[in-house]
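*Asks:* Just dropping this structure here.
The values are calculated or read from the model by the stated rules, or taken from the named source; none is laboratory data. The structure presented is a predicted model; accordingly, all values stated were derived computationally and were not measured. Cβ coordinates were reconstructed from backbone atoms using ideal geometry, including for glycine residues, and neighbour counts include every protein chain displayed. What goes into the accessible areas is simple: the full protein's heavy atoms, side chains included, and nothing from ligands, DNA or RNA. Shrake-Rupley method; radii C 1.70, N 1.55, O 1.52, S 1.80 Å.
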Amino acid sequence: MKAIELERAGSPLKIVEKPKPHPRPDGVVIQMKAAPVLSYMQGVISGTLPYMLPPSPFTPGSDLIGTVDEVGSEVFDLEPGTLVHARPQIASRGFFRQADDILIGLTGMAPSSDRVQNTWPDGAYAEYTHYPVDCLTPLDRIAIVEPERLASLMFLAVPYGGFLSAELKLGETVIIGGATGNFGAHAVLVALAIGASRIIPIGRKTSILEKLKTLAPNRIFPVVLNGDVEKDTASMVTAADGFADCYLDITGGGGTEPVLASIRAIKNNGKAVLMGALQEAIQIPYVEIMVRGLTIRGNFMYPPHAPAEISRMIEAGVIDLSVLDISKYPLTEAPAAVADATGKGGLSFNVLTDE
């Protein structure tokens, strides 16, 4: 079978021939139909982003949509031919558990992650892939949807995990930081589906914010940031028609000023959930947070049941995948797909396919 291989950070992607994998007892071999390409994957491959890659040559790529090809001896009730989504997060199951989570095909998350990476080193960019059964969600009820559109499950499930953490409720108002990136823009789709009455996407790319506004002009009120904390806070409060109930930050980079501005734009006893990748320390207004009873919490990824719940929203029509702008590349053009993905944002992204 054909697969994409990365020898180490900084080396070029290669197209190689590898044996088709055989499933471990708790594993499933999947025929890849569509695998989304992260906008920052080039940084991972080049080593610019210091991710914890597997120590040996491996196949990159995190999530995928595909059909079950073969199952391990300990996998039941999952038939060959079943359409599935594969999520990348997995950890060991030891009783005396030490943190060792990984994102398959992308990065380790702790010093002990190498022991899990050694077991599950290869990701989505191959004709056939091998994932733990715990990572799979059957999608038979929405199998009519094109696989490349279902590949957006990655971008939808991550912010959905943040909204679950924030306990976003029907009719509430939410500020979405980093809304011009892929995850932030898809967060707008999820907030619409959950039933947020007023959604405030914030960012600096006016064109993307304007496109998001067209999804629901009576519920989406974007704010273009200018870097002045007081002015940005005031703009968000105005857009929200008062202080917002919660704030989800999923910013990929940049300064921390929008975080402070957004925290100050949520109401007393409101919640802020941090899911982005900012590297700078945030200046926390201690007394203000204490007096106003604000909750600030971090959240990584999403619970295992999230993709199934997202798929039901797609089936019900409350998440409309027709608004996505997707560029398809065959697996053999993975290097070009990765290079072209750099800088993409909003509801526009690249997908590798089996065609």
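*Asks:* What are the residues in the stretch 138-163 that are of a type in the set (V, I, T) and either free of Cβ contacts under 8 Å to residues at least 24 places away in the same chain or more than 22 Å from A191 (Cα to Cα) (or both), if any?
*Replies:* Selection gives I144 alone.
*Asks:* Which ones in the stretch 236-250 are surrounded by 21 or more Cβ atoms within 10 Å (Cβ to Cβ) and either of a type in the set (S, T, Y) or more than 20 Å from H186 (Cα to Cα) (or both)?
*Replies:* Answer for the stretch 236-250, where residues must be surrounded by 21 or more Cβ atoms within 10 Å (Cβ to Cβ) and either of a type in the set (S, T, Y) or more than 20 Å from H186 (Cα to Cα) (or both): just Y247.
*Asks:* Can I ask one more? Consider only pairs whose beta carbons are under 7 Å apart and that are at least six residues apart or on different chains; among these, list those whose first residue lies in the stretch 68-83 and is free of Cβ contacts under 8 Å to residues at least 60 places away in the same chain and at positive phi and whose second residue is open to solvent by 90 Å² or more (accessible area, probe 1.4 Å) and aromatic (F, W, Y).
*Replies:* Taking only residues 6 or more apart or on different chains, not a single pair turns up.
*Asks:* Also: If A126 meets every condition in (1) aliphatic (A, V, I, L, M); (2) free of Cβ contacts under 8 Å to residues at least 60 places away in the same chain; (3) farther than 23 Å from A306 by Cα apart from one, which number is that one?
*Replies:* Result: A126 fails condition (2) only.
*Asks:* Where in the stretch 43-137 are there strands (runs of 3 or more DSSP E), lying wholly inside it, with at least 3 residues that are at pLDDT below 95 and surrounded by fewer than 16 Cβ atoms within 10 Å (Cβ to Cβ)?
*Replies:* none
*Asks:* Quick check on my filter: what residues within the stretch 320-355 are closer than 30 Å to A216 by Cα, of a type in the set (S, T, Y) and crowded, with 16+ Cβ neighbours inside 10 Å?
*Replies:* S348 - this is the single residue of the stretch 320-355 that is closer than 30 Å to A216 by Cα, of a type in the set (S, T, Y) and crowded, with 16+ Cβ neighbours inside 10 Å.
*Asks:* Take the residues in the stretch 302-318 that are over 16 Å from the mean Cα position of the chain (by Cα) and within 23 Å of K211 (Cα to Cα); name whichever of them is surrounded by the most Cβ atoms within 10 Å (Cβ to Cβ).
*Replies:* I314
*Asks:* Follow-up question, since we're still on this one. Between a residue in the stretch 206-225 that is free of Cβ contacts under 8 Å to residues at least 60 places away in the same chain and any residue that is assigned to a loop (DSSP other than H, G, I, E, B), which pairs come within a Cβ distance under 6 Å, given they are 6 or more apart or on different chains?
*Replies:* Pairs found: L209/P222; K213/P222; L225/R204.
*Asks:* Just to verify a result, which residue in the stretch 251-263, among those that are open to solvent by less than 10 Å² (accessible area, probe 1.4 Å) and among the aliphatic types (A, V, I, L, M), is nearest to M275 (Cα to Cα)?
*Replies:* This residue is V259.
*Asks:* Given the conditions (1) farther than 22 Å from K344 by Cβ; (2) within 20 Å of the chain's Cα centre (by Cα), which single one is not true for M154?
*Replies:* Of (1) farther than 22 Å from K344 by Cβ; (2) within 20 Å of the chain's Cα centre (by Cα), only one is false for M154: (1).
*Asks:* A further question follows. Which of the residues belonging to the stretch 190-200 are under 19 Å from M313 (Cβ atoms) and either open to solvent by 10 Å² or more (accessible area, probe 1.4 Å) or in a strand (DSSP E or B) (or both)?
*Replies:* L192, A193, I194, G195, S197, I199
*Asks:* For the stretch 157-189, how many residues meet the condition of being over 18 Å from R87 (Cβ atoms), open to solvent by 10 Å² or more (accessible area, probe 1.4 Å) and not hydrophobic (A, V, I, L, M, F, W, C)?
*Replies:* Summing the residues that are over 18 Å from R87 (Cβ atoms), open to solvent by 10 Å² or more (accessible area, probe 1.4 Å) and not hydrophobic (A, V, I, L, M, F, W, C) in the stretch 157-189 gives 8.
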